[in-house]
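For reference, the structure discussed in these notes is given below.
The values are calculated or read from the model by the stated rules, or taken from the named source; none is laboratory data. Just so it is clear, the structure is predicted and the values come from calculations on it, not from any experiment. A quick note on method: Cβ atoms are made from the backbone with ideal geometry, for glycine too, and the neighbour counts reach across all protein chains shown. SASA here: full protein model, heavy atoms, side chains in, ligands and nucleic acids out. Shrake-Rupley method; radii C 1.70, N 1.55, O 1.52, S 1.80 Å.
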Amino acid sequence: SLKAAEDKLARNEKKFRHIFDAAPYLFVSVNRQGVIVDCHRKIHDVLQYDKGELLGTQFGSLISGAGNDAIQEHFRKTLTNGAAKNQTFGMQKKDGTEINVSISSSGLKDQHGTFFRIICIIEDITELREMQESLLMKNEDLAASFEELTAIEEELRHHHEELLRNEAALKASEARYRNIFENAILGIYRTAPDGSIIEINPAFARIFGYTTPDEMKQSVKSMRDLYANPRE
């Protein structure tokens, strides 16, 4: 019956309004001319406007800078194809600050199959964009640091090639360094600023008559001990 149909329509409208108002994203409905005809309570949370302040205004007036032409193209695409998804815009809040948003739109058809309304789902991605920019800057810093480390590594490689002569190339890994250090025919040692011995290789120990580096380190605690006149 007509009454049953009207009741069903009223229930559907109530259900739709509940979903519309409770949605976590901002919903804005605009007509074919881009004029706002409806929005839900999330509008105040996102843009600081009350619903009544925006009804009847051009949606494009909320878009920052040159984005107005882009949103008009976004709407034209929606009215032609039925949808336009995940396009990023800058939007101005009531206090003039700008936020980054992602807008996806769907077209609603009338009984003749013509799109007459556009439903925009708007997500505030300002924090996500800032995080992406921060990560990009960190990646750039890491890339610069990597280039610097690569240059230092190359310089060290050439230094060790000249020092050891019998090695064609030296790689940056600790295993490669240890292999060269242990098997070098030249004596190599590393000390603290006060001259105390941190590390010596087998060749260095042999030069001074010791069998192993550990044997030499037990007897010689500082490079000063190897000089006839340590004060000089």
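Values for this structure:
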{"item": "Rounded accessible area of Tyr210 (nearest 10 Å², 1.4 Å probe)", "result": "50 Å²"}
{"item": "Integer Hz, Karplus 6.51/-1.76/1.60 couplings in order for the range 109-123, x for Gly and Pro", "result": "9, 8, 5, 9, x, 9, 5, 10, 9, 10, 9, 9, 9, 10, 10"}
{"item": "Modelled label reach - Ser222, point 7 Å along Cα→Cβ, the range 174-199 residues with backbone N closer than 14 Å", "result": "191-198"}
{"item": "Residues whose placed amide H lies under 5 Å from that of Ile125, excluding near-sequence neighbours", "result": "Asn100, Val101, Ser102"}
{"item": "Dimensionless Rg/Rh of the range 90-197 - Kirkwood Rh, Rg from C-alpha atoms", "result": "1.47"}
{"item": "MRE, 222 nm, helices only [DSSP H, n ≥ 4, -39500 (n - 2.57), over the chain, to nearest 500]", "result": "-15000 deg cm²/dmol"}
{"item": "Calculated P(r) tail over 31 Å for the chain, as whole % of Cα pairs", "result": "56 percent"}
{"item": "Segment Gln48-Tyr177, length gained on full extension (0.36 nm per residue, minus Cα span)", "result": "40.2 nm"}
{"item": "Estimated FRET transfer efficiency (Arg76, Asp38; beta-carbon r; R0 22 Å; 0.05)", "result": "0.60"}
{"item": "5 Å-binned pair-distance histogram of the range 40-122 (Cα, whole percent)", "result": "3, 14, 23, 25, 20, 10, 4, 1, 0"}
{"item": "Per-residue HN-Hα couplings for the range 40-55 [Karplus 6.51, -1.76, 1.60; θ = phi - 60°; Hz; x = Gly/Pro]", "result": "10, 5, 5, 4, 6, 5, 8, 10, 6, 8, 7, 3, x, 6, 9, 4"}
{"item": "Relative contact order computed over the range 79-188 (Cα-Cα under 8 Å; 6+ residues apart), in percent", "result": "15 percent"}
{"item": "Test item: Cα-centred dipole of the range 94-196, Lys/Arg +1 and Asp/Glu -1 on Cβ, debye", "result": "420 debye"}
{"item": "Above-threshold pairs, the threshold being 26 Å between Cα atoms, out of Lys3/Lys42; Lys42/Lys85; Lys94/Lys138; Lys77/Lys109; Lys51/Lys85", "result": "Lys3/Lys42; Lys94/Lys138"}
{"item": "Cut-off under 5 Å, modelled amide H: who pairs with Thr57 long-range", "result": "Ile36"}
{"item": "Residues Met137 and Ala192, FRET efficiency given R0 of 22 Å [Cβ-Cβ distance, rounded to 0.05]", "result": "0.05"}
{"item": "Using a Förster distance of 25 Å, the FRET efficiency for Thr211-Leu163 (Cβ separation, nearest 0.05)", "result": "0.55"}
{"item": "Cut-off under 5 Å, modelled amide H: who pairs with Tyr25 long-range", "result": "none"}
{"item": "Heavy atoms of Leu156: accessible area, 1.4 Å probe, square angstrom to 10", "result": "90 Å²"}
{"item": "Length added when fully stretched, Gln87-Ala144, from 0.36 nm per residue minus Cα-Cα", "result": "17.3 nm"}
{"item": "Whole-number accessible area per residue in Å² for the chain, which is evaluated in the context of all protein chains at 1.4 Å", "result": "67 Å²"}
{"item": "With every protein chain in place, the chain: carbon and sulfur % of accessible area (1.4 Å)", "result": "53 percent"}
